[in-house]
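Here the structure comes first, spelled out in structure tokens, and everything after it is commentary.
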Amino acid sequence: MLRVVQLVRRRADELAPELASRIAEQESAYRPGVLLTAEEVAAMCRRALVNAADVLADDSAAALTEVREGARLHAEQGVPVTAALHALRIGGQFVWTAVMAAETRRTILLDASDRVWTVIDELSQAVTDAYERLETYRIRPDTKARAEALDALFHGGQRCATEVATELRLPLDGTFVVVTGESEDGRPALSGIEDRLLARGVVSVWLRRRTGEHGLVVLGPRFDLAQLCGELADRATTRIGVSEVFHNLDEVRTALAEASAARSAGRPGSTEVVRHDQALVPLLIAAAPDAARRLADAVLGRILSLARREHETLLSTLRAWLEQDGSPAAAARRLHCHRNTVGYRLHRVARLTGRNLGRPADVAQLHLALEIVDVLGMADQPSGKST
């Protein structure tokens, strides 16, 4: 089977145009200019060949996800599900013909025959799933009742969890997180995220307002919190907060508070995705910003009063030194400068702050103050004169 996989992967670029031509001949929906361009059909065929090879090699999770997303896009472009499945069958016959032309050993052909058609069945099911999910998404009620259920889910009300779950087609128990983001200048905080999650087979519901949006995402064994945060990072237009994982819809409002706190702990103006379970110090800072600001001023105030270029240089050097476990040499490599330059800058930091960089308690104060500066955006404020 390894030989078959290698054959398909190696010849994907070569086989794709021929497969595109064959599909266009036999299935009118894929003829160039009908619903898709010739380039789109050829690209589809190349991806299909690579995905088929991945599934043949038992590396199916990512491949099937890509198949579902491609099927969803074609469905939105008007390709009927019957046409998509017909194209898959044509592709299966095409791959099998290519395998027979390259391999003469009977035992390998017998093994490959069974596996190739099993893979076509798996890919067909993935396509069918994608079309069914999109159809469910399109026909779901977008009514006043749904809007009220979303509001009750995130903000509470007289409706019980069972009613809300029924209206929104959500499980009462599962693996959930809440996501929240503020909208800036009327832009969505997470552009296209619901469609993206739907394409990956992930259930989510979103409450959108002019000032921001909240989402409830149902995680699963094939889509965990780390993967979700990756998708959020790709689409964030502002800082995003993510709650800790919870398991009952009754906990949504607590989770929304966690997500909101995590969002506030992100750097102003950034597109950071901040997880509540990984941002304990920033959360403390965001919870008491005035006290935190006074602490940062007490420790780093003289540095922050320097001209912007100077204070950014000193703070970036201090940050690199801390991140490199107090190694001037490692910090110098990180900053692409000489070790002596790092030493000189750290000496200035010590002189301006009155802290001893060899004393753990002083280093802890510097670390916390620098974290406060980052979280509250203090380094971006107008500076005083250079000293």
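The values are calculated or read from the model by the stated rules, or taken from the named source; none is laboratory data. Here the structure is a predicted model, which is why all the values come from computation and not from measurement. Ideal geometry is used to build each Cβ from the backbone, glycine not excepted, and the neighbour counts take in all protein chains shown.
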* Find the residue count for the range 277-336, including only residues that are in contact (Cβ under 8 Å) with a residue 60 or more places away in the chain and not in a helix (DSSP H, G or I). => 3
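Out of the residues in the range 220-229 that are assigned to a helix (DSSP H, G or I) and without any contact (Cβ under 8 Å) to a residue 40 or more places away in the chain, state the one that is surrounded by the most Cβ atoms within 10 Å (Cβ to Cβ).
Initial filter on the range 220-229 (assigned to a helix (DSSP H, G or I)): 225-229.
Checking the rest, the ones that are also without any contact (Cβ under 8 Å) to a residue 40 or more places away in the chain come to 226-227.
On the way: A226: 8, Q227: 13.
Within the range 220-229, the match that is surrounded by the most Cβ atoms within 10 Å (Cβ to Cβ) is Q227.
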* Asked: Tally time: how many residues in the range 286-317 are in contact with a Ser or Thr (Cβ under 9 Å, 6 or more places away or on another chain) and closer than 24 Å to P360 by Cβ?
  -> 7
* Asked: Take the residues of the range 267-276 that are touching a residue at least 40 places away in the same chain (Cβ under 8 Å) and in contact with a Ser or Thr (Cβ under 9 Å, 6 or more places away or on another chain): which is farthest from L153 (Cα to Cα)?
  -> G269
* To do: Considering only the range 204-218, state which residues are crowded, with 18+ Cβ neighbours inside 10 Å and in contact with a helix residue (DSSP H, G or I) (Cβ under 8 Å, 6 or more places away or on another chain).
  => S204, V205, L207, H214, G215, L216, V217
* Hey, any hits in the range 246-265 for a residue that's touching a residue at least 60 places away in the same chain (Cβ under 8 Å) and more than 30 Å from R169 (Cα to Cα)? -> yes
* For the range 172-181, enumerate the residues that are within 16 Å of V242 (Cα to Cα) and surrounded by fewer than 18 Cβ atoms within 10 Å (Cβ to Cβ). => T175
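This table checks each residue for (1) free of Cβ contacts under 8 Å to residues at least 40 places away in the same chain; (2) closer than 22 Å to L280 by Cα.
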| position | (1), (2) |
| --- | --- |
| T166 | yes, no |
| V179 | no, yes |
| L197 | yes, no |
| V205 | no, no |
| E213 | yes, no |
| D234 | yes, no |
| I240 | no, yes |
| E244 | no, yes |
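Take the residues in the range 257-271 that are surrounded by 22 or more Cβ atoms within 10 Å (Cβ to Cβ) and outside any helix (DSSP H, G or I), then tell me which one is nearest to the chain's Cα centre (by Cα).
Going through the range 257-271, the residues surrounded by 22 or more Cβ atoms within 10 Å (Cβ to Cβ) turn out to be 258-259, 262-263, 265-266.
Next cut, outside any helix (DSSP H, G or I) only: 265-266.
Working: A265: 19, G266: 16 Å.
Per the stated criteria, the residue is G266.
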* Can you confirm whether the range 50-57 contains a residue that is at pLDDT 75 or above and within 24 Å of S28 (Cβ to Cβ)? => yes
* **Residues satisfying the stated conditions in the range 272-313, i.e. within 24 Å of the chain's Cα centre (by Cα) and surrounded by fewer than 16 Cβ atoms within 10 Å (Cβ to Cβ)** => D277, Q278, L280, V281
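In this structure, does L352 turn out to be in contact with a His (Cβ under 9 Å, 6 or more places away or on another chain) and free of Cβ contacts under 8 Å to residues at least 60 places away in the same chain? Show your work before the answer.
Values: in contact with a His (Cβ under 9 Å, 6 or more places away or on another chain): no; free of Cβ contacts under 8 Å to residues at least 60 places away in the same chain: yes.
So L352 does not fit the description; no.
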* Asked: Given the residues V202, V217, which is the only one that is assigned to a loop (DSSP other than H, G, I, E, B) and at pLDDT 85 or above?
  -> V202
* To do: Filter the range 230-256 for residues that are within 18 Å of S183 (Cβ to Cβ) and part of a loop (DSSP other than H, G, I, E, B) and give the result.
  => T237, T238, R239
* Subset of the range 200-209 (residues that are more than 13 Å from the chain's Cα centre (by Cα) and over 21 Å from E182 (Cβ atoms)) -> G201, V203
